[in-house]
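Derivation of every value follows stated rules applied to the coordinates shown; laboratory data play no part. No experiment lies behind these values; they were computed from the predicted model shown. Glycine gets a Cβ as well: all are built from the backbone with ideal geometry, and neighbour counts include every protein chain shown.
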Amino acid sequence: MTTQPRHLLTLNDLGANGIRRVIERALADKRAGTSHQSPPLPGRSLAMLFEKASTRTRVSFEAGMTQLGGHAIFLSPADTQVGRGESAGDTARTLSRMVDAVMIRNHDHDVLENFAAAATVPVINGLTDRAHPCQLLADMLTLTEHCGDLAGRTVAWIGDDNNMCRSYMTAARLANFNLRIATPPGYQPDPASVEAAGDVVTLCNSAAEAARGADVVTTDVWASMGDEAEYQKRLAEFGGFQVDNAVMTEAKADALFMHCLPAHRDEEVAAAVIDGPQSVVWDQAENRLHAQKALLLELLAD
């Protein structure tokens, strides 16, 4: 009987225990450095399919596979038959016979699910319109490094109901931390998602309300990839939701500022905040590497 591969399409695929294992392994990996006397994934290959542009996702997965003794193959739509109409399922069946895992960064989460349903190797969500689990693993690793146990902590999300916001709701439920979400009117999460997250999620009317007493304040660009046509509209509607010094003052004195990057200084975050002493965005960016190495080992070596 064929064993079904383990995928990471959302954080639910790992569950609370899997997230804990990945974070513990990532912390150990980070302390150990990049050298491995006996690389754990020799000869393994990771195919990386990119519909959406990336800096951190591509470099962290590619460097991570190299450090683990394996190899990563970058593929854009122009490099594959996907760009000429081949179905996700047929591409998945083909790649499954050639590589050990596939990472996909694409627009449509339904396409990702169709790909994973046909694949016989692990499939990793590098970002879709619905979820960004790899970034959340890095964020949770960063919070664990700086704050210790996440249970009972309070995170303020200031922005819109994008893939990061939705992934934070899932993470809050699984890791038992409190999430306060502040969005402009019309950009709130849908009620079903909030209900699914349970009582760990609170919707707020202002950035200051969300940040009050929080351990962490985090945000993202106001116009994500795919929303560029709404850029000027969003600039006007999100104007009161910038994370500036006044918002950070509402949080705990030792609160952290986080941003998944890339950032637009003096739009969603004041330059004084992202470049200030409470910002841990560079730790957060580096932790994409460590979290994804741990994830690859979780899905391939175990």
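What to note about this one:
- Here the chain is treated with +1 on each Lys and Arg Cβ and -1 on each Asp and Glu Cβ, and its dipole about the Cα centre works out to around 940 debye.
- 3J(HN,Hα) from dihedral phi, segment 237-244, Karplus parametrisation 6.51/-1.76/1.60, rounded to Hz, x for glycine, proline: 7, 9, x, x, 10, 6, 7, 10
- Ranked packing of 239-246, 102-109, 138-145, most packed first, by mean Cβ within 10 Å: 138-145, 102-109, 239-246
- Sequentially through segment 181-189, phi angles give Karplus couplings (6.51, -1.76, 1.60; θ = phi - 60°) of 10, 10, 9, x, x, x, 10, 6, x Hz, Gly and Pro residues having no value and appearing as x.
- Amide proton proximity set for Thr120, modelled H, under 5 Å, gap of 5+: Ser96
- Label of the coordinate-derived value, Cα Rg over 2.2 N^0.38 Å, listed as (i) 0.99; (ii) 0.91; (iii) 1.07: (i)
- Using Cβ point charges alone (K and R +1, D and E -1), the dipole size of segment 135-284 about the Cα centre works out to roughly 260 debye.
- Under 20 Å of direct C-alpha separation, and excluding same-chain neighbours fewer than eight residues apart, Lys30 reaches these aspartates and glutamates: Glu62, Asp139, Glu145, Asp149, Asp283, Glu286, Glu298, Asp302.
- Crossing angle, helix 281-296 versus the chain [Cα axis fit, 0-90 degrees, rounded to tens]: 30 degrees
- Calculated FRET value between Ser206 and Thr120, using beta carbons and R₀ = 45 Å, to 0.05: 0.40
- Since only Thr170, Tyr231, Val280 are under comparison, the one whose Cα sits farthest along the positive direction of the charge dipole of segment 135-284, derived from C-beta charges on Lys, Arg, Asp and Glu, is Thr170.
- For Leu203, distant residues with modelled amide H under 5 Å away: Ile181
- Take every Cα pair under 8 Å whose residues are at least 6 apart in sequence, average their separation, divide by the length of the chain, and the relative contact order is 19 percent.
- Each DSSP beta bridge with both residues in the chain is either parallel or antiparallel, and the antiparallel ones are about 0%.
- GluC sites (Glu not before Pro) restricted to DSSP loop in segment 23-127 with at most 14 other C-beta within 10 Å: Glu86
- Couplings for segment 62-69, taken from phi via the Karplus curve 6.51 cos²θ - 1.76 cosθ + 1.60 with θ = phi - 60°, read 5, 5, x, 4, 4, 5, 8, x Hz in order; Gly and Pro are left as x.
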